[in-house]
Every structure is written in C-alpha cells, then in structure tokens.
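J.: Dropping a structure here in structure tokens format, bear with me for questions.
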Amino acid sequence: MVIERTIPDFGSWFPQAVGAWCLTLAILLCVVFFGGMLLTGLRLGPRRAFSLMWKITKQTFADVFTVSPRRVGALALLTFKEAVRRKIVIGFILFVFIVLFAGMFLDPTSQHPVQLYVNFIFTATSYLTLLLVLLLAAFSLPWDIQKKTIHTVVTKPVKISEIILGRIGGFILMGTVLLAAMGVVSYGFVVRSQGHTHTLSAEDLQTIPGNYPDGVSPAMEGKTSLSREHRHDVFVEQGGEAVHLAVRNDHTHAVTIRTTPDGKRHYLLSSPTEMFTARVPKYGSLRFRDVMGLDTEKGVNVGDEWQYRSFIAGGTKAACIWLFNDITPERYPDGIPLEMTLEVFRTYKGKIDRRILGSILIRNPETGLMLEQQVFESVENGTAKYFIPRKIRATTRAMVTPSLSSTSDGKVMQYPPEKQRDFAGTSKSEFDLFQDFVAPQSTTYETGAPVSHRNTLEIWVRCLEPGQYFGAARSDLYIRQHDAPFAWNFFKGYLGIWLQMVLVVVYGVLFSTFLSTPVTLLATLFVMLGGIFHTFLMSMGTGTLLGGGPFEAAIRVFTQENLTVELDMNAAEIILAGMFDSVFQGFIWLLAHLLPTFGKYDTANFVASGFNIPFRLVVMNFLSVLGFAFPVYVAGYVCLKTREIER
C-alpha cells in the first residue's frame, strides 16, 4: 500500500496540533473582532462599536458554553424527524439498488477483487452520504427562515446556540443512521460476493515423473475447478498427505483430505483464506546506499514524475536499507515474517514478463556482520512474502560490511571502525537471528543528531541484474506482526466517511445561517474542494511552491521564464512582487488552516489494501474534526445572532 504521508506518533502530533489550532484561532478572533469594529464603527462610531462588539463577545461566550442538553436533544430529534419527512430514506433505497446491480459492472476476473469491491463500496457510500447531508444542511435553515417556521422555535425558551447545535446534531444523527444501514449492507455485499470454493478430485491431478519408494504415493500437480473466473494450481507432496494451493487473486483455500475405506482420497476446499485481512505492519526507517557504497537519504531518480520511490542500480553496491527497532525473541519467537512490494524499472525490455533477480540480506548494525538470506524474483504489481527463520543455515559466506557516510568536509566515516571489526563469526555455517544479527543497541544519525535505538536489525535489498533498477519507499517492506479483525477494520473505514460527513454538516449549517441555499451549496463545495487540495494551498501559504507566489508566477508567464531560474528584473520589481506575494501567502496560510484536509479522513485505502487502520490515526482524525467543528459552531451562532440583531 502506498503511504505518502507518514502517520506520526500521537505524543509528537498532539502538542503541534494544539499549538497550530490555538494560533489560528487567535488570529481568526483578532481578525473578526477588529474587522467587526471597523465595519460597525463606520455606522455607529468607535465608542458604540466597541461597546457593541464587547457585548456580543460576552454574550457569545455565555451562550456557547451554557447550553441545555435536554433542549439540544429535543431540537436534534425534531431536525431528525424533519429529515425523515423529507424522504431522506430514498438515499438508502438508492444505495441498495446500486449494490444490487454492482456485480454486473465490476470485473470478476480482477487480480485484486477485494480491493476493487471495497473501493467501489466506499466511493459510492461517500459520494451518496455527503451529497445527502449537504442538501439537508443547505436547504433546512434557509427554508425555515424563508417560510418563517423557525419563529415557532425561537419564541420558545431556547438559545441561538442551542438551535445551531440542534441542527448539527440532528443532521449528524440522520447521517449516522444512514451510514450504519449502508455499512451493514456493504459489509454483507463484500463478504458474500467474494465467498466461493472450488472442487478438486483425483481426476484433476497428474503424477509428476520420478523415482518414488514402494508404498509412497507419488507427487502430483493439477488445477482446481473454475470458480469466479479463476483456478488454483495444486501441488500434492509425496505420500499425498500435504496439498498446497497457489495464491490466486489475493487468496487461497485450505484443503482437508478424507480417505475412504477403499483408499480413495477426497479433497475438500474451504472458503477463501487470506482474502479479508487487516495486517498490522511494523515499519522501519529507510536509507539507501549508492553505487560507490556510501549511505544516502535517497536513491537514483530514473525520471519518474512521481517521487514516491527512489531507485537503486542493479549489479552494483547500491542497496535499499531498512532499519527495524524492538526486534526481540519474545515478539518473534519463530522468526520474522516479511512482506515486500518493489517497483521495477527496466533499461532494456528483453522478455518483458521475465522477473528480475534480487537478494535479501540481514545485517547487524553494530558489528557489521551481514549474510545473504535469500535470492528472490521480483513480483510486480503485487506483494511478495518472505520469512527469516530463527536458525539460519548459511548458503554463502557471511561478511563484515561497515556503513559508509560522507561528512560535510568530504571525509568518509566508517562504522564500525576497522579496529573494532570481528571477522570470527563470518565462518559459521549456522547463525542465530537474534544473537548474531540483532544489535542490543545501535546509533544512527537523523537530521544530523545521534539517535539511539534498541534491539535493531537491518534488512538490505539489492538488485542483482546490471542495467535494471529496483524502486522502494519506506512502507514497501514491513514486518507483518499480526492481523486485526476485518469487520472492525471495515467499521473504522466507515468512521472516516462519518468524520467527513460531520465536517460537511457543520460547514453547511454555518453557511446556511447567512447565505441562501444555492450559495450555501457552492460555499460548502468550495470548502470540500479546498480541503482536497489542502497540500497545494499549504505549499502556497508557506512559500515553498516552485515558481513563487501568484505575482512572481504571473511575471514568469509573461516573460516566459523557467521556474528554476532567477527572474531577470531589477531589485525594485523583485521587492515589490515579493511584498505582494507575502501578503497573499499570509492570506492563503490562514485559509489553509481554516479548511479541513478532507483527503486525510479517507481511510478506505487501508481497508481495500488489507491493512489495519491504526487506532492513533482514528483518534487524531476525530480530534482534528472536533478542532474544526467547535469554531465553526461558534461562528454559526454569531452569524445567526447578528442576523436577528439586524432584524
């Protein structure tokens, strides 16, 4: 699975998030207060403007933080009933029809069927749910104000803040019920649509030629019956007691052998295994070694526009090096299960379906002892599984390989130094994974500072064929620790849609307090689109976008200057363009912090790719949505309260 955004630890994320939230909120409050002072002062004068703004501020804090849960619950229930009366249930019926006819349009021959079905289900659910709650939030309050039905509410002993909370709560309740029903239907659709089995009989198997002892059944091979447009290759070991089915379309089947009294064997195949997974991976840090043997942060750029992966050249000293922490016998008593996804770049095609050879090596970061663990063939567009056992029998001689790094003054540093290298262990014929290759403590240099690690192991991957390249990113090789329940992971994926729905509701209610229905729809859609392109807006706001700000970019367009060259202008023009761009960047920076990053709440990729959604990611996303929802709720209160003051 591609993870371009590293999931941070909660302990390091939370203080930074709180600091950014407080800074943005303080700037926004200052802008709103002094902006309101300026606009009101033009009509009423500075003194009355300050008095009015101070009164509104005190009343806002009093009303926002003192609400009655009973009245809010009653208003939310009323909003929920209104949504039901507006035939919102039709959305669920439409979703059921989509699911019923989805099998007619989804490719049954897909090599990754679960990924296809899960992506379809999550996409359909997301679009339909967000569209429904957007229409509800945009039409409800403007319609009530236009028809004056809201007067039946405001005449009761309720606060404006309770009306806003009631609307938000009612729409969220409606969306939650809708999502829950869709989730049950979706899970049943995905699981039942992929449920199948195959038949296997003695007639489907052929004997593999060879010399077999008397009384021992020969090894056999064959194929299962056709089901869901695929078959599985079958291999029966000598003696006939062990049957192996090849993995096909991301799954296999367990085989049970039953022998009748007359000696005939019947093979019973189970439902698919390894299909509905929620892997819990352990990722390591990644660095590269270039063709000269020096450690680098990145590998070779082969001209790919997507900079996610870096490449290493085949037939050289180049390697991808993953460093894993906390590798202990208690966690991995039998050995280390690895899963790896590599990209292959070919400088010459030859036979295009021929796989490229590579090797996996293990190394002790402290002593430098390294051993080639196995040679493999590349698996393109798929994930390969490997296993490093506890006891490793050497097929090649071990070596001592120091890590080489270049300093700023051009010197090459080696670790371990030559005097500390011990070559005694290289002559062993059998190694113990934890005693020989796991370092109790090692040190790496991250951002120029030494960082200490405990119980570390390095895993190297090399390309063995000259002229070919392997591409890798940090998440392309991981240790598969265990699997979480797929149903729970599916629920957490739907929770991501729920968080997006909450954001659509709160922003839709905010805009509906002072805008008409069509403008509310457009404004909420703008927030959603801005959140989708949040990374681009943030790069504009921080000035890291290639080509400069809008004024500098406009100058480059008219002068036809390349993005990477300096502008051919005098100092005054450059300073003037920089001043305008600085003001614009400040505005974009504030806007980027006001818009939620919609893309980061979408966790369907985890479910579709068979990876567990980390619980810390769920908590961080929930707190992030809460951080956006509270200021928007306060802004909605102020807008509706001010609207009533004007009337």
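J.: Collect the residues in segment 42-55 that are out of contact with any Gly (no Cβ under 8 Å at 6 or more places or on another chain) and open to solvent by less than 100 Å² (accessible area, probe 1.4 Å), keeping them in residue-number order.
T.: Leu44, Gly45, Ser51, Leu52
J.: Next question. Just a yes or no: is a residue in segment 132-144 in contact (Cβ under 8 Å) with a residue 24 or more places away in the chain, under 25 Å from the mean Cα position of the chain (by Cα) and outside any helix (DSSP H, G or I)?
T.: no
J.: Mind checking which residues of segment 305-322 are loosely packed, with under 15 Cβ neighbours inside 10 Å and either aliphatic (A, V, I, L, M) or on the phi > 0 side of the Ramachandran plot (or both)?
T.: Residues of segment 305-322 loosely packed, with under 15 Cβ neighbours inside 10 Å: 305-307, 315.
The answer is Gly315, and nothing else.
J.: When both residues are 6+ apart or on different chains and their Cβ atoms are under 9 Å apart, which pairs have a first residue that lies in segment 482-511 and is touching a residue at least 60 places away in the same chain (Cβ under 8 Å) and in a loop (DSSP other than H, G, I, E, B), and a second that is open to solvent by less than 20 Å² (accessible area, probe 1.4 Å) and of a type outside the set (Asp, Glu)?
T.: Cβ pairs passing all conditions: Ala484/Thr277; Ala484/Ala278; Ala484/Ile613; Pro485/Ala278.
J.: Hey, among Pro333, Pro272, which residue is exposed (fewer than 15 other Cβ atoms within 10 Å of the Cβ) and under 29 Å from Pro614 (Cβ atoms)?
T.: Numbers: Pro272 fails: exposed (fewer than 15 other Cβ atoms within 10 Å of the Cβ).
Selected residue: Pro333, the only one of Pro333, Pro272 that is exposed (fewer than 15 other Cβ atoms within 10 Å of the Cβ) and under 29 Å from Pro614 (Cβ atoms).
J.: Let me ask you something else. Residue under question is Tyr117, and the condition is that it be on the phi < 0 side of the Ramachandran plot, at pLDDT 90 or above, open to solvent by 60 Å² or more (accessible area, probe 1.4 Å) and under 31 Å from the mean Cα position of the chain (by Cα); does it hold? Before you say what the answer is, go through the steps one by one.
T.: Details: on the phi < 0 side of the Ramachandran plot: yes; at pLDDT 90 or above: yes; open to solvent by 60 Å² or more (accessible area, probe 1.4 Å): no; under 31 Å from the mean Cα position of the chain (by Cα): yes.
Taking the combined requirement at face value, the residue does not satisfy it.
J.: Any residue in segment 84-98 that's within 18 Å of Phe122 (Cβ to Cβ): show its pairings with residues that are in a helix (DSSP H, G or I) and aromatic (Phe, Trp, Tyr) at Cβ separation under 8 Å, as long as the two are six or more apart or on different chains.
T.: none
J.: Filter segment 613-647 for residues that are under 17 Å from Arg5 (Cβ atoms), open to solvent by 30 Å² or more (accessible area, probe 1.4 Å) and in contact with a helix residue (DSSP H, G or I) (Cβ under 6 Å, 6 or more places away or on another chain) and give the result.
T.: Arg616
J.: Let me ask another. I'm trying to understand the selection: among the residues of segment 358-395, which are in a strand (DSSP E or B), open to solvent by 20 Å² or more (accessible area, probe 1.4 Å) and over 15 Å from Trp460 (Cβ atoms)?
T.: Listed by number, the residues that qualify are Glu377, Lys385, Phe387, Pro389, Lys391, Arg393.
J.: Only strands (runs of 3 or more DSSP E) wholly contained in segment 169-236 count here; list those with 3 or more residues that are modelled with pLDDT of 90 or more and either touching a Leu at 6+ places or on another chain (Cβ under 7 Å) or open to solvent by 50 Å² or more (accessible area, probe 1.4 Å) (or both). Give the derivation first.
T.: Values: elements: 205-207, 220-223, 233-236.
Counting at least 3 such residues, we get 220-223, 233-236.
J.: Looking at this structure, is His266 within 14 Å of Asp204 (Cα to Cα) and either touching an Asp or Glu at 6+ places or on another chain (Cβ under 6 Å) or open to solvent by 70 Å² or more (accessible area, probe 1.4 Å) (or both)? Explain how you work it out, then say what you get.
T.: Values: within 14 Å of Asp204 (Cα to Cα): yes; either touching an Asp or Glu at 6+ places or on another chain (Cβ under 6 Å) or open to solvent by 70 Å² or more (accessible area, probe 1.4 Å) (or both): yes.
Yes, satisfied.
J.: Which one is least open to solvent (accessible area, probe 1.4 Å) among residues in segment 57-95 that are under 24 Å from Phe630 (Cα atoms) and assigned to a loop (DSSP other than H, G, I, E, B)?
T.: Just the residues of segment 57-95 that are under 24 Å from Phe630 (Cα atoms), to begin with: 57-80, 83.
Of the ones still in play, those that are also assigned to a loop (DSSP other than H, G, I, E, B) are 66-68.
Details: Thr66: 72, Val67: 50, Ser68: 23 Å².
Among them, the one singled out is Ser68.
The values are calculated or read from the model by the stated rules, or taken from the named source; none is laboratory data. From a predicted model like this one, the values you see are computed outputs, not experimental measurements. For neighbour counting, all protein chains shown are included, and Cβ atoms are generated from backbone atoms with ideal geometry for every residue, glycine included. Note: areas computed on protein heavy atoms with side chains; ligands, DNA, RNA excluded. Shrake-Rupley method; radii C 1.70, N 1.55, O 1.52, S 1.80 Å.
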